[in-house]
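The values are calculated or read from the model by the stated rules, or taken from the named source; none is laboratory data. It should be emphasised that the depicted structure is a prediction, and the values quoted were computed from it without experimental measurement. Here the Cβ is made from the backbone with ideal geometry for all residues, glycine too, and neighbour counts use every protein chain on show.
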Amino acid sequence: MDFANILNSGVSRRRFMKGALAGAGAVAASSHFNIAEALAAGKKASDIRGYGVPAGRVQISSNENPLGASPRAVEAITKHLHEINRYSFSFDLPLKLHQAHGINMGEDFKIDFEDMASFMKFREVNRIMVSAGSGPILQVLGVMAIGDGTGECIEAVPGYGQISRAFQGYQMSGQNVKVIRVPTTGDFTHDLDAMKAAVTPKTTIMTITNPNNPTGTIIPYDTLKTFVESIPEHVTILIDEAYIHFVREEGYQDAISLALERNNVVVTRTFSKIYGLAGMRIGYAITNRPLLDRMMLQQGFGGGLTSLSTHAAAAALDDHEFVAMTRKVTNDGKDYLIAEFDKMGLEYTPSHGNFMIVNIGRDSRRMSTEMRKRGVSIRSGGGYRTREHNLLNNHIRVSIGKPDELEVFISELKDILGKAS
């Protein structure tokens, strides 16, 4: 099934209409199912109706899922809407996450709300902390890494930068913390040798976003493992795998085993991307008990998740069809952009995320502004600059949207750059 037609799949439409559109969600979501259109020349943003955004807007700036949310997640939300007057004390999501990642909690493990011993057993075998998005987890780790106010963080640039921003906030409040940003290599991958060389006795945390945001590059697992093993244990290594589901390398191994084997590694994940649940705010961390205990002291169990977000996430984990469709649309979208960029003679970076960066040869902030005037939202590479480094000044980051959304983007990009079709 090709890129333009995959959204017209009768199977997925019938399945969604039967499940996810049931109950209270039907009126809000049904109008979105008339938007899967074939590619047509000259289409403008005004012709587009994307999932979750007003008509006439092409929103390809925030790495969101262009197909909407997992149908099973939406179905679970509508099924449990009548329960929102009750508190949620469910352990279903963390238990299901352990199972999904093959983390053994013991054959006889059970949670009994009337038995305090079962909670103590859970604390012993638990390796996952859930939260209202992965952002709060990064914030918890940042606060922990501040320590006595003299901690140091190391992060790649360009990179996501949340830990660095947390440290900068403490700098502005008078704390003597230090931010060390290490430029990526020429192909925008993490310079692990330089990051290792930057470690000092005061270094408390190091961030590796893999695949990297905004560049989409990945680190080979064996290289990452060797690197992690070379870093002193007083340094917490955060490996953010928000985009791991989009990796286009057969058999690529994630870093969860490193988090379970070592006491200074934590892997973070999110339901915002592959499962399309950005608005529900669901994330989690996987790590070994010593670090997890400290994190739980900062946040507590449950992490602010609502009953609806818990049900949505648990259901989304079983939506393998939606995951496969999202990967298909994402990969076909990247292939489409690559072909168009090649025809336009633009340099781009092959990506393992649901986005790409491309060098447009001019100030990316002006391009972002001009695109916005035309109803197209993209991300300026200038947003990833620091005082010392501005490696993406002439780059824009484009999230992978639906076929018609990408067509509008390419049409407007050609028009702005004066490129022939």
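Laid out as a table, the results:
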| item | result |
| --- | --- |
| Strands (runs of 3 or more DSSP E) enclosed by region 232-299 - at least 2 residues per element that are farther than 27 Å from T349 by Cα and in contact with a strand residue (DSSP E or B) (Cβ under 7 Å, 6 or more places away or on another chain) | 265-270, 283-287 |
| Candidate set from region 32-58 (those that are of a type in the set (V, I, T) and touching a strand residue (DSSP E or B) at 6+ places or on another chain (Cβ under 9 Å)); member that is modelled with the highest pLDDT | V58 |
| Filter result (under 12 Å from M356 (Cβ atoms) and hydroxyl-bearing (S, T, Y)) within region 386-408 | S399 |
| Matching entry among P201, P158 (being surrounded by 14 or more Cβ atoms within 10 Å (Cβ to Cβ) and either farther than 23 Å from L292 by Cβ or without any contact (Cβ under 8 Å) to a residue 12 or more places away in the chain (or both)) | P158 |
| Filter result for the condition that a residue is in a strand (DSSP E or B) and either of a type in the set (A, V, I, L, M) or in the same structural domain as I219 (by TED's automatic domain parsing) (or both), over I357, I416, I410 | I357 |
| Hits in region 101-122 (condition: part of a helix (DSSP H, G or I) and surrounded by fewer than 13 Cβ atoms within 10 Å (Cβ to Cβ)) | M116, A117, M120 |
| Tally, over region 374-408, of residues that are under 11 Å from I60 (Cα atoms) and at pLDDT below 95 | 0 |
| Condition met for R294 (out of contact with any helix residue (DSSP H, G or I) (no Cβ under 7 Å at 6 or more places or on another chain) and farther than 24 Å from S380 by Cα) | no |
| Looking only at region 161-184, and only at residues there that are part of a loop (DSSP other than H, G, I, E, B) and surrounded by fewer than 14 Cβ atoms within 10 Å (Cβ to Cβ), the one that is modelled with the highest pLDDT | N176 |
| Close pairs (9 angstrom Cβ cut-off, 6 or more residues apart or separate chains): farther than 17 Å from S164 by Cβ in region 126-146, surrounded by fewer than 23 Cβ atoms within 10 Å (Cβ to Cβ) and charged (D, E, K, R) anywhere | N126/R289; R127/R289; S131/R281; A132/R281; G133/R281 |
| Failed item, numbered, when S230 is tested on (1) crowded, with 16+ Cβ neighbours inside 10 Å; (2) over 24 Å from N126 (Cβ atoms); (3) touching a helix residue (DSSP H, G or I) at 6+ places or on another chain (Cβ under 7 Å) | (1) |
| Condition met for T330 (among the β-branched types (V, I, T), touching a helix residue (DSSP H, G or I) at 6+ places or on another chain (Cβ under 8 Å) and assigned by TED's automatic domain parsing to the domain that holds H190) | no |
| Criterion violated by S411 - all others in (1) under 29 Å from T189 (Cβ atoms); (2) more than 21 Å from the chain's Cα centre (by Cα); (3) modelled with pLDDT of 95 or more; (4) hydroxyl-bearing (S, T, Y) satisfied | (1) |
